[in-house]
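Here the structure is laid out as structure tokens; the discussion comes afterwards.
The values are calculated or read from the model by the stated rules, or taken from the named source; none is laboratory data. Model, not experiment: these values are computed from the prediction. Note that each Cβ is placed from the backbone with ideal geometry, even for glycine, and that neighbours are counted across all protein chains shown. The protein model used for the area step is the full one, side chains on, heavy atoms only, and it has no ligands, DNA or RNA in it. Shrake-Rupley method; radii C 1.70, N 1.55, O 1.52, S 1.80 Å.
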Amino acid sequence: MNRTIRVFLIKGLAALGILIAIQAAAPRAMAIPAFARKYHTACATCHNNWPELNDFGRAFKINGFKFPKDDEDFLKEPPLMLGAQAQKEAFPHAIYPGELPILPIAFRYSGNLSYTSPQPSAITQAAGYVPQTELFLPNTFTILAAGSFGPSIAFWIDDDLSTEGSGADGGLGDGYIKANDFLGHFLHVPRNDLNARFGQFELDLPFTMARTINMSDYAIYDETASVGSLPGTTNNPFTFASTQRGIEIGGYPNRGYTWWSVTLLDGGNSQGTVNSKDVYVNIGQRFDLERSPEVRKEIQASGPTGVHDHTSIRFNAFGYYGKNELNHAGDLFPGLPTIHEPFYRAGGAFNYKFRSNFALWGLYMYAHDSNQTLNDAGTGYVSIKPVTYSGGFVEGEYWIYPWLIALMRYDNVNSPTDRLNGVSRYDTRSIYTPGLQMLVRPNIKLKAEYIYNFEQPIPNATNFYRANQFLTGVDFVF
């Protein structure tokens, strides 16, 4: 690390400390997102480090955004009832009654300051040049609406009203409705064991990217399969970080300790259908490591220090299969048919929690895309060496205090195709990201990350450089 970066890091951390002192002297701000208003409770009820969910928050989400037990007793802002009990008894000869939550809307804003290490002149003259210092980027302002339409129907909508500057529309993120007891009553299946979700949403990943605590993405989630300047036709825009449109059937048997979902998707991403209909499957099992059988039955563990998360470990296996479609209108090879290239992603994950003090999680994934090229006569396609990549991440989170959290993450992507296209010096790209997050108030967070990046080639040279970056910023919800 050169002297310039060290000086900048010291100044950045000092500025964070000053800002914390100023916030500590300010009048107390209450956490008032949608669910906090509905139940008149604190953000910490469902989050140890928002938007990350604790055990109670996960049970709340599984239950269709309702308290797992005695929900009506905890409501402070009851919903508007759409109908009467008599209509329920008269069904199907009357419309089944429902309910509307009162103002189920919240907002989130985040602004980041970034400092990127000095770049070679060949990079600063290229189209991908990143300014060395940027103030409060991306300036994301998001509207969030979520709640329930009765005992078994939930909904979620989030939309980035502006990103990366004033008026730049970020578009819809998740927008779905979920039946939390899908056919369960008729099939005599326990509540939440058989659910259905319809709309646009992030895949049911072992670890979310849309609502992550990190300032930077998991590298493997952003990776795509493309031959670039190499022989072949593969150009698959699919990434795990993108929202998709589809229908998901899943559930949480065994008190939520088992986790499964099967999803039929449009394919491609939220910008439109690129592939044929794709399929995604995720299966998980959590094991409670609490010693006391009575404690294991509780939604959250209790001990001498009060309520905390269960000490537990969870394992997931997931897979995605689809067909990437190219040359729809003869745009690549006029006169030839559409190219259908099967691809799949498969992997596993783990998540270990020690009470509410420490968490360690990780994921590994392997990707395989079929690859084709023109035959010698130029009249059709022949299969050639597939495009593959693999990698994942490991991340640790430690609560120094309930309001001060240290993070450390390691990302790894192994892609021979990317190296041959000049993305990195080696097949394997490694990224180290230490971070620090501070909950100034339950709904206000200060964040800092340092990204120690992989080596990249300098264009038209034999040297390499690292695009290291320091990020800091504020994130708040209301």
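Numbers below:
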item: Of all residues making up region 352-396, the number that are assigned to a strand (DSSP E or B) and more than 30 Å from residue 284 (Cβ to Cβ); result: 9
item: Selection count where residues are farther than 20 Å from residue 321 by Cβ and surrounded by fewer than 20 Cβ atoms within 10 Å (Cβ to Cβ), scope region 247-264; result: 6
item: Strands (runs of 3 or more DSSP E) lying entirely in region 29-132 (those with 2 or more residues that are within 29 Å of residue 260 (Cα to Cα) and at pLDDT below 85); result: 98-100
item: Lone qualifier among 446, 471, 436 - being over 26 Å from residue 365 (Cβ atoms) and buried (at least 19 other Cβ atoms within 10 Å of the Cβ); result: 446
item: Evaluation of residue 349 against (1) in contact with a Phe, Trp or Tyr (Cβ under 8 Å, 6 or more places away or on another chain); (2) in a loop (DSSP other than H, G, I, E, B) (one fails), failing number; result: (2)
item: So residue 462, is it over 30 Å from residue 322 (Cα atoms), free of Cβ contacts under 8 Å to residues at least 60 places away in the same chain and open to solvent by 40 Å² or more (accessible area, probe 1.4 Å); result: yes
item: Top-ranked residue in region 308-345 [being outside any strand (DSSP E or B) and in contact with an Asp or Glu (Cβ under 7 Å, 6 or more places away or on another chain); ranked as most open to solvent (accessible area, probe 1.4 Å)]; result: 338
item: Scan of region 141-154 for residues that are open to solvent by 20 Å² or more (accessible area, probe 1.4 Å) and within 21 Å of residue 192 (Cβ to Cβ), ordered by number; result: 149, 151, 152, 153
item: Odd one out for residue 379, checked against (1) of a type outside the set (A, V, I, L, M, F, W, C); (2) under 22 Å from residue 217 (Cβ atoms); (3) without any contact (Cβ under 8 Å) to a residue 60 or more places away in the chain; result: (2)
item: Among (1) part of a loop (DSSP other than H, G, I, E, B); (2) within 17 Å of residue 282 (Cβ to Cβ); (3) open to solvent by 40 Å² or more (accessible area, probe 1.4 Å) - the single one residue 231 does not satisfy; result: (2)
item: Top-ranked residue of region 67-110 - restricted to ones that are open to solvent by less than 40 Å² (accessible area, probe 1.4 Å) and among the acidic types (Asp, Glu), ranked as nearest to the chain's Cα centre (by Cα); result: 71
item: Residues within region 57-66 that are charged (D, E, K, R) and open to solvent by less than 90 Å² (accessible area, probe 1.4 Å), tallied; result: 2
item: Strands (runs of 3 or more DSSP E) (entirely within region 135-218) containing at least 1 residues that are at pLDDT below 90; result: 140-148, 153-162, 171-179
item: In region 413-433, the residues that are of a type in the set (A, V, I, L, M) and either part of a strand (DSSP E or B) or buried (at least 19 other Cβ atoms within 10 Å of the Cβ) (or both); result: 413, 431
item: Residues satisfying the stated conditions in region 48-70, i.e. among the basic types (Lys, Arg) and either in contact with an Asp or Glu (Cβ under 8 Å, 6 or more places away or on another chain) or closer than 20 Å to residue 351 by Cβ (or both); result: 58, 61
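Conditions tested, residue by residue: (1) farther than 23 Å from residue 215 by Cβ; (2) of a type in the set (Ser, Thr, Tyr); (3) open to solvent by 20 Å² or more (accessible area, probe 1.4 Å).
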residue	(1), (2), (3)
363	no, no, no
368	yes, no, yes
381	yes, yes, yes
387	yes, no, no
393	no, no, no
457	yes, no, yes
